[in-house]
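Here is the structure we will look at, set down as structure tokens.
The values are calculated or read from the model by the stated rules, or taken from the named source; none is laboratory data. What you see is a predicted model; the values in this text were computed from it and never measured. Ideal geometry is used to build each Cβ from the backbone, glycine not excepted, and the neighbour counts take in all protein chains shown. To get the accessible areas, we keep the full protein, side chains included, count just its heavy atoms, and leave off ligands, DNA and RNA. Shrake-Rupley method; radii C 1.70, N 1.55, O 1.52, S 1.80 Å.
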Amino acid sequence: MKVIKRDGKSVDFDPEKIRVAISKANDCVAEDDRITDRQIENIIKYVMGLKKRRMLVEDIQDIIEEKLMALNKYSLAREYITYRYTRALVRKANTTDESILSLIKNTNKELAEENSNKSTVLASTQRDYIAGEVSRDLTRRILLPEKISEAHDEGILHFHDADYFVQPIFNCCLINIEDMLDNGMVMNGKMIESPKSFQVACTVTTQIIAAVASNQYGGQSVDVSHLGKYVKKSRDKFVRNIKKNHKDLTKKQIEELADERVKDEIKAGVQTIQYQINTLMTTNGQSPFVTLFMHLKDDDKYIKENALIFEEILRQRYEGIKNEKGVYVTPAFPKLVYVLDENNNLSGGEYDYLTKLAIKCSAKRMYPDYISAKKMRENYEGNVFSPMGCRSFLSPWKDKDGNYKFEGRFNQGVVSINLPQVGIVAEKDEDKFWKIFDERLELCKEALMCRHEALLGTLSDTSPIHWQYGAIARLKKGEKIDKYLNSTYSTLSLGYIGIYELTKLIKGVSHTTPEGEEFAIKVMKHMREKCDTWKKETGLGFALYGTPAESLCYRFARIDKERFGTIKDVTDKGYYTNSYHVDVREKIDAFTKFKFESQFQPISSGGCISYVEVPNMEHNLKAMADVVKFIYDNIQYAEFNTKSDFCHECGFSGEITINEDLEWECPNCGNKDKKKMNVARRTCGYLGENFWNVGKTKEIKARVTHL
């Protein structure tokens, strides 16, 4: 049976809507005025027994009211009518006025904290957020099925990026930068030919990054190794010019002079990328969310040139960028992902020196993140490739010639499930948990299909940089993008929050215990099997994704605390633990944490990352080197979260010192006002076999190390 909605759309009859509506009305009346579950089922059977091919939604609701009256449940019928009326009001209500006005007045705290990379004070950012609020409202009231909107509001699931859903744009991608640089492109109606030098290639790359960011809403990644050939082009040009203008020089002198000029050009080119990315403002109201992927492949004929590029990227990131006060700070973008392979895994490889520089950079600036080529090849059919932005990964896909392809592919969107809420509703009944879990997973699938269906029929003209000029494809004008949607070429991501809390709710223990670990793995595999089943059923690229949205950890926890109250080790913390991660309160060293979490990453193949929080480790690079070597052998994707101090007086980021009077003092400006500085909590820095102390005197060591 098809149900005709108020907007004229035809949808499949869903008996769950009747159950929910009557149950909510039941909750509002005295126990004597309620009807039983069996009576609710009888009403549903009556509607289905009519065997009509099509029914208006209003006619179904009229039948329900009549049946309630026939059962002499007048109070219940009145509550149902009230529920029906209020739902109609909610559907028609405009929810944007207050949020937009509070945004303009800069009093909208939720939006201000939603994205740390976007300032809601700026007019350009406000413009993006205003459009986003309108999109959210239209999405909730009109574009999404009511049950999906309600599930989002109730924290059952999270429909990511509803602020962009009204537009036919997608989430994140791997830019096919090789195609665009080698074959040229068009931007803003102007032809850009293949660059003839490294400097120009860097400039064009930043222009591509900005254009891509303005026409999608998620992250993007660029494989830096494609720039190596342009270093070679620059060097060849330098050699030709030197030979032409300095005929008295020897071959060795020419080579040395060309090498010096190449170094200068690489420095200028990398600086162009770093400063352009950090000073450009996209239509999203922020700098482009871009990741630079650095992998030295032994079969790359430009490996020497790429090593020079990587070295300069790391050197400049280590130095940082000056803020408005002239203090060197860590820029948010570009993100850096550094691949550990046989030639640089600190086992005597030719490029170990680059890894040591990367570790030095991580100790000071938190970047880069690390990918183990060894572990990734085990998980992705022998392939090593970049995440799309920070964390989301594609599945292996081959073209018609049987060649693996990753660049030029993308993600259609993300929907995340609130695992702790399933555990709360199940009330420690494991059988009940699996039943509710499956119901909510199907709801997530339906929400993901909404994302897919919204993109169908999109014309290449909506974003020429993506669809016509090579970032994704080289389609003709007016051509639909559907062939890239209706296959596993692109992904649809099922995210998840709170494996730790769910395990506590169902098993009463952490997922780091043997019993909890077995249950957590079972839950993870179940979600992965669902994604694989959906992929077979639809032919679409469903993938399990360790959700990157830290703010969602707080949103789900806040909703559940309001609905279910304070629950120990669950809602009492104010946050849920992201994806499969170990809860931050558990005492666990870096090696054990990485080893434990590594078993979840192959299951969560649509996206994952593990991290350890460490104190400022510039004083003990050996400790970090030990962890990096461990990453190579044990876990696919990992990062360090270095606990750094920050002075709001001058913008200094690093280690704020402690003077002899045991006062915190900024080493840059001398500020001692604690209200104007953030001081990371000092710990012993234990990372397994290594131990790092903080402090200038024995007294300070004694009082600080043991906090």
Rounded to 5, the percent of DSSP beta bridges in the chain classed as antiparallel: 40
Along principal axes, Cα extents of the chain, largest first, whole Å: 107, 70, 50
Computed FRET value (nearest 0.05) for K263 with E529, which takes r as the C-beta separation and R₀ as 45 Å: 0.30
Candidate residues R261, R84: accessible-area rank, largest first, probe 1.4 Å: R261, R84
Subset of K263/K335; K52/K147; K52/K432; K364/K593 violating a 28 Å alpha-carbon distance limit: K52/K432
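What ranking of F198, F406 comes out by heavy-atom accessible area, probe 1.4 Å, highest first? Intermediate values should be presented prior to the final figure.
On the way: F198 0, F406 25 Å².
Of F198, F406, the descending order of accessible area is F406, F198.
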All Cα pairs of region 351-489, percent lying beyond 20 Å: 67
Heavy atoms of L56: accessible area, 1.4 Å probe, square angstrom to 10: 80
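How far, in nm, would the chain grow between M281 and E518 when pulled straight, counting 0.36 nm per residue and subtracting the alpha carbon separation?
Values: separation 237, 0.36 × 237 = 85.32 nm, distance 4.67 nm.
Using 0.36 nm per residue and subtracting the Cα-Cα distance, I get 80.6 nm.
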Nearest 10 degrees, 0 to 90: helix 352-365 Cα axis against the chain principal axis: 60
Long-range amide H partners of W397 with built H, under 5 Å: K405
Accessible area (Å², per residue) of the chain, counting only protein heavy atoms and a probe of 1.4 Å: 46
Vicinal HN-Hα couplings computed from phi for region 421-438 (Karplus, 6.51 cos²θ - 1.76 cosθ + 1.60; Hz; Gly/Pro x): 5, 4, x, 5, 5, 6, 6, 6, 9, 5, 5, 5, 4, 5, 5, 5, 4, 5
For Y576, residues with placed amide H under 5 Å, excluding near neighbours: Y554, A557
Mean separation of Cα contacts under 8 Å (6+ apart) over length of the chain, as relative contact order %: 11
Heavy atoms of E319 accessible to a 1.4 Å probe, total area in Å² rounded to 10: 80
D299-K587 FRET efficiency (beta carbon distance; Förster radius 45 Å; 0.05 resolution): 0.55
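Which of the GluC sites (Glu not before Pro) found in region 147-219 are in a DSSP loop and have at most 11 neighbouring Cβ atoms, other than their own, within 10 Å?
Working: sites: E150, E154, E178, E193; in loops: E154, E193.
Within region 147-219, the qualifying GluC sites (Glu not before Pro) (loop, at most 11 other Cβ atoms within 10 Å) are E193.
Per DSSP H run of at least 4 residues, take -39500 (n - 2.57); add these up for the chain, divide by its residues and hand me the 222 nm value, nearest 500 deg cm²/dmol.
Details: 24 runs with 322 residues, N = 707.
That comes out to -14500 deg cm²/dmol.
Could you tell me the calculated FRET efficiency between S10 and E381, based on Cβ-Cβ distance and R0 = 60 angstrom, to the nearest 0.05? Before the final figure, lay out each step's value.
Numbers: r = 42 Å, r/R0 = 0.70.
Working from the Cβ atoms, E equals 0.90.
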Separation of the D569 and E255 label points, Cα + 7 Å toward Cβ, nm: 6.5
Amide H within-cut-off set for G541, under 5 Å, with H built and near neighbours excluded: S487, S490, L492
Euclidean distance of C-alpha centroids, region 351-375 and region 406-423, integer Å: 28
Relative contact order (%) - region 116-183, alpha-carbon pairs under 8 angstrom, separation at least six: 32
Whole-Hz couplings from phi, Karplus 6.51/-1.76/1.60, listed for region 620-637; x for Gly and Pro: 9, 5, 4, 4, 5, 4, 4, 5, 4, 4, 5, 4, 4, 8, 10, 8, 5, 9
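According to the square roots a ≥ b ≥ c of the eigenvalues of the Cα gyration tensor, what is the shape class of region 366-416, taking rounded for a/c under 1.5, prolate for a/b larger than b/c otherwise, and oblate for the remainder?
Note, shape of region 366-416 comes out oblate.
Roughly how big is region 139-266's charge dipole about its Cα centre, with Cβ charges of +1 (Lys, Arg) and -1 (Asp, Glu), in debye to the nearest 20?
Numbers: 18 positive and 19 negative charges, 220 e Å.
Dipole about the Cα centre, nearest 20: 1060 debye.
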Karplus 3J(HN,Hα) series, Hz, for region 533-540 with 6.51 cos²θ - 1.76 cosθ + 1.60 (x for Gly, Pro): 5, 4, 4, 5, 5, 10, x, 9
Positive-end extreme of charge dipole, the chain - chosen from G495, Q126, N306 (charges on Cβ): N306
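Averaging over all projection directions, find the projected area of the Cα convex hull of region 329-378 and quote it in nm² with one decimal place. It would help to have the intermediate numbers written out before the result.
On the way: hull surface 15.0 nm².
The Cα convex hull of region 329-378, projected and averaged over all directions, gives 3.8 nm².
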Charge dipole (debye, nearest 20) of the chain; +1 at Cβ of Lys and Arg, -1 at Cβ of Asp and Glu: 1320
